Amino acid sequence: MNIRVFLSSLPLAGALAVFATENMDRTPPKLATASARAAGFAATIESKSDAPMPVPEGMVWIPGGEFSMGNADPTRSLCGGKDPMPDARPIHRVAVDGFWIDSTEVTNAQFALFVKATAYITVAERKPRAEDFPGAPAELLVPGSIVFTAPEGPVPLDDFTKWWRYQPGADWRHPAGPGSSIEGKEKYPVVHVAFEDTEAYAKWAGKRLPTEAEWEFAARGGAAGESYPWGDELQPGDKWLANIFEGKFPHKDSGADGFIGIAPVAQFSPNAYGLHDVAGNVWEWCSDWYRPDYYAQLARSGVANNPKGPNDSLDPAEPGVNKRVHRGGSFLCTEQYCTRYMVGSRDKGEPGTSSSHLGFRCVKAAALKAE
Ligand SMILES: [Ca+2]
Ligand SMILES: [Ca+2]
Ligand SMILES: [Cu+2]
């Protein structure tokens, strides 16, 4: 997603394994299934790192270790019907140190504490600067954010402007624009946060954003090569395990998983590490720059140790627009359009662009200890 698409062209009104010897004394590796092994996944080898005490509030300990990162299964990754997610391949080995991670997406209540303490003003609440949006009509340069609005009926899926619009006045306190509020939604994930907003929050909280590798290690819950944070079946026993989109995308959200649109955090069972909503509900910012060829770069040199992303960004679909990684998918992800609730899949966004289905969670390094 890139706010420039909206601010430059649209009318405002209405639109808008491998076992290393040093690992032998560690906890038993979690093996990959035969099909995952065939796709290139090897066992996850968790480090034997005890959680440093005390436990920071709302966070869970991720032991770190070595795992296979990526998404190999194009048959269940049919974004727009034809995208096999090549940016999530090749499957490659990555090692991460232990760290703390928020068990849920950052909530409105948590973000409100930060804003109260710092008087912080988010990007969506600031007037876009003309120099940042060359060619944009002055009347479009008003504070706002990108809001999902279900169209009245079926629309072609190759044009996201049919369900996304730039909404003046939309921000974290007014998720649907003026007149909307977050009252009673304290436990919903905060949305309409741009990358720098998440960094400001994290700094205030004594935390930081996860790297993409940390995020995926935590989301996999110690398992190896599985498609989802809970296993290989989207709906084991016909049960929905995440807030995604059922019905007819984008016009009819049936809410079969229990929620139409966004949901309060932690309404579904956590993964094996205690993380809620790593699949679905809201997308989550990671600290890495996005490049579709980054995994290929890493794969060339053995096990990548605490990778922090490429030095620069490239999105071939929008050359010249640098983007950061998003992970986990949202309440809008569906087999009919975008299956990026798959645990190894990736997405990206321009750092200044916020939207109604994009939030974040933070991590805290073990070395910092708890306060
Ligand atoms: Ca849903
Ligand atoms: Ca999420
Ligand atoms: Cu999606």
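In summary, the aspartates and glutamates within cross-link reach of LYS187, defined as a Cα separation below 12 angstrom excluding same-chain residues under 8 places away, comprise GLU105. By the beta-carbon count within 10 Å of each Cβ, the least crowded to most crowded order of THR104, THR211, fewest first, is THR211, THR104.
Note on SER301 and ALA138: with the Förster distance fixed at 41 Å, the Cβ-Cβ geometry gives a FRET efficiency of about 0.25. In terms of surrounding Cβ atoms within a 10 Å radius of their Cβ, VAL325, VAL278 rank from fewest to most as VAL325, VAL278.
Suppose every K and R has +1 on its Cβ and every D and E has -1 on its Cβ; what is the size of the dipole of the stretch 201-290 about the Cα centre, in Debye to the nearest 20? Let's see the in-between values first.
Working: 7 positive and 13 negative charges, 73 e Å.
Charge dipole of the stretch 201-290: 360 debye, to the nearest 20.
Assuming a ≥ b ≥ c are the square roots of the Cα gyration tensor eigenvalues, decide whether the stretch 182-312 counts as rounded (a/c under 1.5), prolate (otherwise, with a/b larger than b/c) or oblate.
Details: a/c = 1.88, a/b = 1.31, b/c = 1.44.
Because a/c hits 1.5 or more and a/b fails to exceed b/c, the stretch 182-312 counts as oblate.
Please state the shape class of the stretch 81-146: rounded when a/c is under 1.5, otherwise prolate if a/b exceeds b/c and oblate if not, all from the C-alpha gyration tensor.
On the way: a/c = 2.83, a/b = 1.28, b/c = 2.21.
Oblate, because a/c is 1.5 or more while a/b does not exceed b/c.
In units of the rule-of-thumb radius 2.2 N^0.38 Å, the chain shows an alpha carbon radius of gyration of 0.96.
In this structure, the residue pairs whose Cα-Cα separation is over 22 Å, taken from LYS30/LYS308; LYS127/LYS203; LYS162/LYS348; LYS185/LYS348; LYS162/LYS248; LYS127/LYS185, are LYS30/LYS308; LYS127/LYS203; LYS185/LYS348; LYS127/LYS185.
Show log10 I(q)/I(0) for the stretch 253-371 at q = 0.17, 0.18 Å⁻¹, two decimals, from a solvent-free Debye sum over equal Cα scatterers. Evaluating at q = 0.17, 0.18 Å⁻¹ gives log10 I(q)/I(0) of -1.00, -1.09. Sparse packing (at most 15 other Cβ atoms within 10 Å of the Cβ) combined with a DSSP loop state is found for the following GluC sites (Glu not before Pro) in the stretch 192-295: GLU233. For LYS116, the aspartates and glutamates whose Cα comes closer than 18 Å to its Cα, not counting residues fewer than 8 places off in the same chain, are GLU125, ASP171, GLU183, GLU186, GLU196, ASP197, GLU199.
Rounded to the nearest 500, the 222 nm mean residue ellipticity of the chain from helices alone is -3500 deg cm²/dmol, with -39,500 (n - 2.57) taken per DSSP H run of at least 4 residues. Put a plus charge on the Cβ of each Lys and Arg, a minus charge on the Cβ of each Asp and Glu, and nothing anywhere else: the dipole of the chain about its Cα centre is then about 240 debye.
Read-outs: derived from the displayed coordinates by stated rules, not from any lab. This is a predicted model, so every value here is computed, not measured. Note that each Cβ is placed from the backbone with ideal geometry, even for glycine, and that neighbours are counted across all protein chains shown.
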